[in-house]
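J.: To start, I am sharing the structure in question, which I have written as structure tokens.
The values are calculated or read from the model by the stated rules, or taken from the named source; none is laboratory data. Treat the numbers as computed from the prediction; the structure is a model and nothing was measured. All Cβ positions, glycine included, derive from the backbone under ideal geometry; neighbour counts span all protein chains shown. For accessibility, only protein heavy atoms count, side chains too; no ligands or nucleic acids. Shrake-Rupley method; radii C 1.70, N 1.55, O 1.52, S 1.80 Å.
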Amino acid sequence: MIVDLRSDTVTRPTPAMREAMLQAPVGDDVYGEDPTVNELESFAARLFGVEAALFCASGTMTNQIAIRAQTQPNDEVICDRLSHIYLYEGGGLASNSLVSVRLLEGDRGRLTAAQVAAHINPDDIHFPITRLVSLENTVNKGGGVYYDLDEMRKIKEVCVAHGLKLHLDGARLFNAIVAQGSSPQDFGRLFDSLSVCLSKGLGCPVGSLLLGSHELIRKARRIRKVMGGGWRQAGMLAAAGLYALQNHVERLAEDHRRAKALGTLLQSHPDVQEVYPVETNIVIAQLRPPLKAHEWQHALKERGILISTFGERAIRMVTHLDIHDTHIDYVSEILPAFSIQKEHK
Ligand SMILES: *Cc1c(COP(=O)(O)O)cnc(C)c1O
């Protein structure tokens, strides 16, 4: 058996999703004529209670476009030091938007309103102009934790008071929505721009959505074209997105239940020093020194269990659409009987 817990991006489209893709009416989306892309964009906009949406190739692309559309060169973006936009987008903020970044240290990637307020630059020619705040929810590098909605509302108040735009990197926003019982509109109301991945827990082969006002999406469509992201008969991919939004959201609760089971297994493991509290579908554990994450990864791979490393001593496991109870049962058999500590004696 192979149990692939590296990421929720490894899912393959289900037979029903493939059928929806096959049946999709298509047209040329650069001409605005793909009916399925148009349907996905209007469906998503309604779901979030915002004016418009834009279907793009990746979450990196939707984040980068959102930041480009809402900043000027030399502006500053406030985000947490664990942010995907800072760590994992190849420095794109520097080249795509020519902006600087104010990195803050939040609670496993979550900022507070007070922190944001304390780092807005004064109107002084020495400083870049603070223009945008970017939050991530759930926080990937924070172990899949999500924000308290009241704190987000307070951050929004700070942004309004200082004329700042507020962006949400919601690659795994639906995991937060299902885990905390919030709704897409709760987030649509608060953010000037939202980026949501379809290709992670929702199980699509490709795609992310950018959501916001008509004005934002009009600008975003232009920037996407400049980046080479205008696409033609993308309706087959959009059909997967529509199918996922209609059928794969509630089942995320199963991923969360299975992630908690993995967290419990790790907690009692002799090689493990600490497991981050499991709130959604991501489990991060720190190994006991001198054990190394890549050694654990290698030893588990030989037993058919694939995981990610997250630094020298941290490992990550992610549950998703293609992880079933039989996979968790298999991991429960293997893990307790497995340790790399002897090899270190
Ligand atoms: C995966 C991810 C993205 C976007 O990733 P792509 O691979 O470009 O789709 C953005 N933000 C976070 C937090 C992510 O986990």
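J.: What's the number of the condition Asp150 fails, among (1) within 24 Å of Pro184 (Cβ to Cβ); (2) in contact (Cβ under 8 Å) with a residue 12 or more places away in the chain?
T.: Asp150 satisfies every listed condition except (2).
J.: Right, something else. Output the residue which, of all residues in segment 54-78 that are closer than 16 Å to Leu166 by Cα and outside any helix (DSSP H, G or I), is nearest to the ligand (Cβ to nearest atom). Full working, then the answer.
T.: At the first step, the residues of segment 54-78 found to be closer than 16 Å to Leu166 by Cα are 62-72, 75-78.
With the extra rule that they be outside any helix (DSSP H, G or I), the set shrinks to 70-72, 75-78.
Details: Gln70: 17, Thr71: 18, Gln72: 23, Asp75: 21, Glu76: 20, Val77: 14, Ile78: 16 Å.
Among those that are closer than 16 Å to Leu166 by Cα and outside any helix (DSSP H, G or I), it is Val77.
J.: Right, next: Out of all the residues in segment 1-45, which are in a helix (DSSP H, G or I) and in contact with a strand residue (DSSP E or B) (Cβ under 6 Å, 6 or more places away or on another chain)?
T.: Within segment 1-45, Val37, Leu40, Glu41, Ala44, Ala45 meet the criteria.
J.: List, please: which pairs have Cβ atoms under 7 Å, are six or more places apart or on different chains, and start with a residue in segment 258-285 that is under 19 Å from Ser7 (Cα atoms) and end with one that is open to solvent by 20 Å² or more (accessible area, probe 1.4 Å) and in a helix (DSSP H, G or I)?
T.: The qualifying pairs are Leu265/Ser332; Val275/Gln267; Val278/Lys260; Glu279/Ala179; Thr280/Ala179.
J.: I would also like to ask the following. Take the conditions within 13 Å of the ligand (Cβ to nearest atom) and over 26 Å from Asp322 (Cα atoms) and apply them to Leu194. Does it pass?
T.: Answer is yes for this residue.
J.: Another question about this same structure. Out of segment 319-345, which residues are small (Gly, Ala, Ser) and outside any loop (DSSP other than H, G, I, E, B)?
T.: Ser332, Ala337 - these are the residues of segment 319-345 that are small (Gly, Ala, Ser) and outside any loop (DSSP other than H, G, I, E, B).
J.: Is it the case that some residue within segment 87-99 is within 16 Å of the ligand (Cβ to nearest atom) and touching a Gly at 6+ places or on another chain (Cβ under 6 Å)?
T.: Within segment 87-99, none of the residues are within 16 Å of the ligand (Cβ to nearest atom) and touching a Gly at 6+ places or on another chain (Cβ under 6 Å).
J.: Which numbered condition in (1) out of contact with any Ser or Thr (no Cβ under 6 Å at 6 or more places or on another chain); (2) crowded, with 24+ Cβ neighbours inside 10 Å; (3) closer than 29 Å to Glu136 by Cβ is the only one that Arg46 fails?
T.: Here Arg46 clears every test but (2).
J.: Restricting to segment 142-169, name every residue that is touching a Phe, Trp or Tyr at 6+ places or on another chain (Cβ under 7 Å) and under 26 Å from Ser7 (Cα atoms).
T.: Selection gives Gly143, His167, Leu168.
J.: Next question, about the same structure. What's the total number of residues in segment 228-280 that are over 21 Å from the mean Cα position of the chain (by Cα) and on the phi < 0 side of the Ramachandran plot?
T.: Narrowing segment 228-280 to residues over 21 Å from the mean Cα position of the chain (by Cα): 228, 230-236, 261, 264-274.
If we keep only those that are on the phi < 0 side of the Ramachandran plot as well, we get 230-236, 261, 264-274.
Residues flagged as over 21 Å from the mean Cα position of the chain (by Cα) and on the phi < 0 side of the Ramachandran plot within segment 228-280 amount to 19.
J.: Kindly provide the set of residues from segment 89-137 that are without any contact (Cβ under 8 Å) to a residue 24 or more places away in the chain and either touching a Cys at 6+ places or on another chain (Cβ under 6 Å) or among the hydroxyl-bearing types (Ser, Thr, Tyr) (or both), ordered by number.
T.: Ser95
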